[in-house]
Amino acid sequence: MSAVASEANRAGSRSGRRRSKSGWNLLGLFVFAVAGFPVYWMLNTAFKPAKDAIDPDPSLLPTGLTLDNFSRALHIADFWGPVGRSLLVSLAVVAIGVVVGMLAALAISRFAFRGRKIVIVGILAVQMVPLVAMIIPVFLLLNDLGQYDKLTGLILTYLTFILPFTVWTLRGFIVNIPKELEEAAMVDGCSRTGAFVRVVFPLLAPGMVATSVYGFIQAWNEYLYALMLLSQKNQTATVWLSNFSTKHGTEYAPMMAGATMMALPIVALFLLVQRKMAAGLTAGAVKG
């Protein structure tokens, strides 16, 4: 009798686990559908005829495919200029942010100094400040420094909110690397710098890739500061999209075509670094 009851309990437990797994799978599919629908609608609108994009009763499925919207997007205004400027700003922010952030994170993680906790709390506090709250002080400061309507001024502005995240994230990765590895390398004759280059840096590389991708996306997609701090002749790609909205209305199909072309560098970046990205995200999620 007890054997029958035990078998029934095991069967009930397996059935409960299957129901729970099915429920989580359905929830995952729902989240995927909600997150992926805007991307699908962007692509659907980009490839459909312009007249269908403003149809008051749009179809969820493509009714016809055309590349005219992409041609219109490339010719409505200078496309490659804003894209080149966005690429320059994003790469500069990533390069400066990762180098400075890595050194700052190393100092916070490996050295004890007066005010260390205050620095850590300050890094967290800076990330809590809404970006829109800083736009007037940033505008006045850049204007006084002669950096208004210059890409260098925009790069410095982006670093104010990307650098704190970079420092905090890389600190988490460095904390996960045992100090004993550096000490063993120094016992074998390496200097502190040599131990970092030969031991810590290779282990830190996945985390740097993950942080760099985040910084690149933030700089590439930022709109408000690029709109307020740059004139039309120096506009970036996100501001360039506003050219499709005029006093005569909004050209939705070419706008979605332009947004699709803007998304290609991000997609290409993810495809290139996806393995390092996954390794970096899991490595920094243990402690710190």
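Per-residue 3J(HN,Hα) values for the stretch 77-87, derived from phi via the Karplus relation 6.51 cos²θ - 1.76 cosθ + 1.60 with θ = phi - 60°, read 7, 4, 8, 6, x, x, 5, x, 5, 4, 5 Hz in sequence order (x marks Gly and Pro).
Taking all protein chains into account, the per residue accessible area for the stretch 80-228 stands at 52 Å² (1.4 Å probe). First compute the accessible area of the chain with a 1.4 Å probe, then give the percent of it belonging to carbon and sulfur atoms. With neighbouring chains kept in place, the figure for the chain is 69 percent.
Counting other Cβ atoms within 10 Å, which GluC sites (Glu not before Pro) in the stretch 163-245 have at most 12 and lie in a DSSP loop?
Working: sites: E180, E182, E183, E222; in loops: E222.
Passing both the DSSP loop test and the Cβ count: no residue.
Its residue count N sets the reference 2.2 N^0.38 Å, and the alpha-carbon radius of gyration of the stretch 172-223 equals 1.50 times that reference. Karplus-derived 3J(HN,Hα) values for the stretch 48-55, using 6.51 cos²θ - 1.76 cosθ + 1.60 with θ = phi - 60°, are 8, x, 4, 5, 6, 5, 10, 5 Hz; glycine and proline are entered as x.
Given Cβ point charges of +1 (Lys, Arg) and -1 (Asp, Glu) and nothing else, what value in debye, to the nearest 20, does the dipole of the chain about its Cα centre take? List each step's numbers first, then the result.
Working: 24 positive and 14 negative charges, 216 e Å.
Charge dipole, the chain, about its Cα centre: 1040 debye, nearest 20.
Distance between the 7 Å Cα→Cβ label points at V99 and M228: 2.9 nm. Using bins of 5 Å that start at zero, the share of Cα-Cα pairs per bin across the stretch 61-203 amounts to 2, 8, 12, 13, 14, 12, 10, 9, 8, 6, 4, 2, 1, 0, in whole %. Both radii were evaluated on the Cα set of the chain; the Rg over Rh quotient, with Rh as the Kirkwood radius, amounts to 1.10. Of the residues I155, M128, A107, the one whose Cα sits farthest toward the positive end of the charge dipole of the stretch 78-155, with +1 on the Cβ of Lys and Arg and -1 on the Cβ of Asp and Glu, is A107.
Over the chain, DSSP H runs of length four or greater, each weighted -39,500 (n - 2.57), average out per residue to a 222 nm ellipticity of -25000 deg cm²/dmol. Using R0 = 51 Å, the C-beta based FRET efficiency linking S20 and T250 works out to 0.65. Distance from the Cα centroid of the stretch 171-198 to that of the stretch 218-234 is 40 Å (rounded to whole angstrom). Each label was represented as a point 7 Å from its Cα along the Cα-to-Cβ direction; for I118 and D78 these points are 4.7 nm apart. Cα centroids of the stretch 67-127 and the stretch 237-255: how far apart, whole angstrom? The stretch 67-127 and the stretch 237-255 have Cα centres spaced 26 Å from each other.
Per-residue 3J(HN,Hα) values for the stretch 185-200, derived from phi via the Karplus relation 6.51 cos²θ - 1.76 cosθ + 1.60 with θ = phi - 60°, read 5, 5, 5, 7, x, 6, 6, 4, 5, x, 5, 5, 5, 8, 10, 6 Hz in sequence order (x marks Gly and Pro).
Computing Rg and the Kirkwood Rh from the Cα coordinates of the stretch 115-265 gives a ratio, Rg/Rh, of 1.11.
Comparing V31, V273, V98 in a Gaussian network model of the chain, where Cα atoms under 10 Å apart are tied by springs, the biggest mean-square fluctuation is seen for V31.
Expressed per residue, the C-alpha convex hull volume of the stretch 59-134 stands at 214 Å³.
Springs between alpha-carbon pairs under 10 angstrom, Gaussian network model over the chain: which of W168, W220, W24 fluctuates most? In the Gaussian network model the winner is W24. Just to be sure I understand the model, the point goes 7 Å from the Cα along the line to the Cβ. What's the resulting M128 to F37 distance in nm? Distance between the two pseudo-spin positions: 3.5 nm. Candidates A53, L67, I96 compared by Cα position along the dipole of the stretch 8-109: farthest toward the positive end lies I96, with charges placed on Cβ.
The calculated FRET efficiency for the pair A50 and N221, based on their C-beta separation and a Förster distance of 22 Å, comes to about 0.30.
The values are calculated or read from the model by the stated rules, or taken from the named source; none is laboratory data. This structure is a prediction, so every number in the text was calculated from the model and none was measured. All Cβ positions, glycine included, derive from the backbone under ideal geometry; neighbour counts span all protein chains shown. What goes into the accessible areas is simple: the full protein's heavy atoms, side chains included, and nothing from ligands, DNA or RNA. Shrake-Rupley method; radii C 1.70, N 1.55, O 1.52, S 1.80 Å.
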